[in-house]
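Visitor: Encoded as structure tokens, here's the structure I'll be asking about.
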Amino acid sequence: MPHYLPQTDNPVGSDVLLIDTRASVSALLCCAEQRFQAAKNLLRSLSHLSAASSAQQELNAVCEATALLLQEGCDVLGVVVLRSD
């Protein structure tokens with residue numbers, strides 16, 4: 001496994017966000033948990049909005065941010081799984 005793995009949602013041809021595969025398991029899990037908590041909080045906020053009062057752009061922004069956070073968390077957990085083999 002390479003020392004640094006690019007995150008899934010990096011722009012094509014540009015590995016800007018990287019995961020340190022040699023970070024401690026506790027650090028990787030903390031990073032993933034932080035992103036899952038942030039995504040959960042965004043979704044909870046979204047569940048309290050009414051469709052009539054929410055602009056489509058705002059809803060799209062919350063959905064995009066949530067998807068990015070979940071993908072980052074999954075990418076980091078994937079490193080933990082690879083390391084446990």
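The values are calculated or read from the model by the stated rules, or taken from the named source; none is laboratory data. The shown structure was predicted, so the numbers you read here are calculated from the model rather than taken from an experiment. Note that each Cβ is placed from the backbone with ideal geometry, even for glycine, and that neighbours are counted across all protein chains shown. Areas reflect the complete protein model, heavy atoms only, side chains present, ligands, DNA and RNA absent. Shrake-Rupley method; radii C 1.70, N 1.55, O 1.52, S 1.80 Å.
Visitor: Show me, bin by bin at 10 Å from 0, the whole-percent P(r) of the range 32-85 based on Cα pairs.
Guide: 24, 42, 22, 10, 3
Visitor: On to the next question. Does anyone have the angle between helix 56-84 and the longest principal axis of the chain? Alpha-carbon axes, 0 to 90°, nearest 10?
Guide: Tilt of helix 56-84: around 20 degrees.
Visitor: Right, next: For the chain, set up a Gaussian network in which alpha carbons nearer than 10 Å are linked by springs, and say which option among Gln34, Gln71, Gln57 fluctuates the most.
Guide: Fluctuation is largest for Gln57.
Visitor: Solvent-accessible area per residue for the chain at a 1.4 Å probe radius, Å²?
Guide: For the chain, the solvent-accessible area averages 68 Å² per residue.
Visitor: For the chain, what is the relative contact order in percent, using Cα pairs closer than 8 Å and at least 6 residues apart in sequence?
Guide: RCO, the chain: 37 percent.
Visitor: Here's something else I'd like to know. Against the longest alpha carbon principal axis of the chain, how many degrees, from 0 to 90 and to the nearest 10, is the axis of helix 25-47 turned?
Guide: 10
Visitor: Still on this structure, I have one more. Classify the range 1-57 from the C-alpha gyration tensor, please: rounded if a/c falls under 1.5, else prolate or oblate depending on whether a/b exceeds b/c.
Guide: Here the range 1-57 falls in the oblate category.
Visitor: Subtract the Cα-Cα distance of Leu29 and Leu46 from 0.36 nm times their separation in residues, and report this length gain in nm to one decimal.
Guide: 3.6 nm
Visitor: Along the Cα→Cβ direction, 7 angstrom out, place labels at Gln7 and Gln71. What is the inter-label distance in nm?
Guide: 1.0
Visitor: Same structure, new question: Asn10: net charge of surrounding residues, Cβ under 12 Å, Lys/Arg +1, Asp/Glu -1, itself excluded?
Guide: It works out to a net charge of -4.
Visitor: Under a Cβ-Cβ cut-off of 12 Å, what is the net charge of the residues other than Leu69 that fall near it, where Lys and Arg count +1 and Asp and Glu count -1?
Guide: -3
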